[in-house]
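These notes concern the structure reproduced below.
The values are calculated or read from the model by the stated rules, or taken from the named source; none is laboratory data. Here the structure is a predicted model, which is why all the values come from computation and not from measurement. Note that we place each Cβ from the backbone using ideal geometry, even for glycine, and neighbour counts take in every protein chain shown. For accessibility, only protein heavy atoms count, side chains too; no ligands or nucleic acids. Shrake-Rupley method; radii C 1.70, N 1.55, O 1.52, S 1.80 Å.
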Amino acid sequence: MANPNQEQNPSTTSLPLISSTSRSSSSGTSGSTSTSSAMHRATGRIAVSDRNNQNTGIYNEQLLTLLFRFLNWDPQTLCSTACTSRRHRAVAERILFYELCLSRAPRLVSAILETPVNALPHGIGGSAPRLPGGWPALAKMLLYCCGCTPSLFFALSNPVPGHFTEVTRFSKTSGKSFLIRRCWGDVLYVSDPCEHASPPGEEHDLGVYRGVFGGFVRSRTRACLIGRNAALEEHVRCPYCGARVWSMTAAGLVPRSASTRLGSLEDGLEYFVCVNGHLHGSCWLTPLSSSSDEGNSEDDGSSDRQSDGDETGTP
């Protein structure tokens, strides 16, 4: 017969003994007491662990991940939640914004992390890989048009405010058009221009575009900027991560193919690249005639853009 004193001693009771105690026909009420006691101690250890990690209730990462997966990673709800407390913000920055980026642009995330899509860490309780500038900045870049302000090489009567975008397509083929020939080996995804009706006092429509480098620290573009002693801009910051930026126009690293890809005036564009590899810029769009529209449908890069791009947007 089991010794009641031994069953009540926490140091000698463990979870593997629960099943054997339950199967014992001679234990009776004592066996039930032992099982209940062991389960209580086990749940107590879990509760203590959760309290130590401050990861309970609405702050539980697994619960939040399931909730936002159900909401299809709605960016505005996620941003609002991250603003409610420091702990919510910490969870969002550590995992939720990464999951949002992965759900919206898996091929882009795979390319900038140099990891196959099916090998990317994700799921409940997973940890996000490190990314220069952070995942909140990339999420903002995917879903938010930063607008436009006047700069040294881009005159504008009045600033154009930023806004959430409904759908934006990012393409590595488009990104190649923004690189000089010696930098074609770099990984750069660039969006289609977000078109804004001609601002007051301006003749042409405004196009605003954005993008991101993969492995920017090791890129040839960064090496060219440093090799040319390009100065960081004093009055311009990255609208996505807040870091300092280089003007690619001032550095002489804007190829002609960029204006062709954008459908803009050749001398009517400027773009910046920040130290974390985020790109943003503006251009004056040229009006398209009907013949131009027909020619665009036969663009030899359209199939490439479909195969290497991602479409993002607010649901």
query = In square nanometres, what is one fourth of the surface area of the convex hull spanned by the alpha carbons of the range 175-279?
reply = 6.7 nm²
query = Among GLU93, GLU266, what's the order by accessible area (1.4 angstrom probe), most exposed first?
reply = GLU266, GLU93
remark   = Counting sequence-distant residues (5 or more places) and residues on other chains, those with an amide H built under 5 Å from that of GLY147 are HIS163
task = Considering only protein heavy atoms, with the full assembly of protein chains and a 1.4 angstrom probe, order THR173, THR221 by accessible area, largest first.
result = THR173, THR221
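What translational diffusion coefficient, to the nearest whole µm²/s, does the range 71-209 have by Stokes-Einstein, given a Kirkwood radius computed over alpha-carbon pairs, a temperature of 37 °C and 0.692 mPa s viscosity? Don't skip to the end; give the middle numbers.
Numbers: Rh = 17.0 Å.
Here the translational diffusion coefficient equals 193 µm²/s.
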query = Which value, in Å² rounded to 10, gives the accessible area of TRP73 with a 1.4 Å probe and all protein chains present?
reply = 10 Å²
key: Long-range HN-HN contacts of THR249 with modeled amide H, under 5 Å   = TYR271
inquiry  = Can you give me the distance in nm between label points at ARG107 and LEU232, each placed 7 Å from the Cα along the Cα-to-Cβ direction?
reply    = 3.4 nm
query = Could you give the semi-axes, largest first, of the ellipsoid that matches the range 70-152, computed as the square roots of 5 times the alpha carbon gyration tensor eigenvalues and rounded to whole Å?
reply = 21, 19, 12
